[in-house]
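Structure first, then comments.
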Amino acid sequence: MRPLGVGGMAEVYLARDTRLGRKVALKVIKRAALGFQEDLARFLFEARATARFSHPHIVTIHAVGEHEGRPYVALEYLEGQS
């Protein structure tokens, strides 16, 4: 739907989960980071670490996957400030 932010190794977009009809924050690894195993490992480590917790102050991971060779994490979308 639109960009939400950019970090060192990933871009975050507001997206729509078409199956469940909800908004999600879609975190996608940058193309420039694809050639670096360390960045890919860090991206997946972050997803695994986040998935281990269930807490009101930590976003929920809805899905992890890959699109056109780029790993992504679909996160709970929370309106507000960073």
With runs of 4+ DSSP H residues as the only contributors, calculate the mean residue ellipticity of the chain at 222 nm using -39,500 (n - 2.57) per run, divided by the residue total and rounded to the nearest 500. -6000 deg cm²/dmol
Report, in cubic angstrom per residue, the convex hull volume of the C-alpha atoms of region 21-82. 103
Can you tell me the 0 to 90 degree angle between the C-alpha axis of helix 37-51 and the longest principal axis of the chain, rounded to 10? 20
Carbon and sulfur together cover what percent of the accessible area of the chain at a 1.4 Å probe radius? 53
Kindly sort I58, I29 by accessible area of their heavy atoms, largest first, with the probe set to 1.4 Å. I58, I29
Express the accessible area of the chain per residue in Å², computed with a 1.4 Å probe while the remaining protein chains stay in the model. 73
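The values are calculated or read from the model by the stated rules, or taken from the named source; none is laboratory data. The model shown is predicted, which means the values in this text are computed figures rather than measured ones. Surface areas here come from the heavy atoms of the whole protein model, side chains and all, with no ligands, DNA or RNA. Shrake-Rupley method; radii C 1.70, N 1.55, O 1.52, S 1.80 Å.
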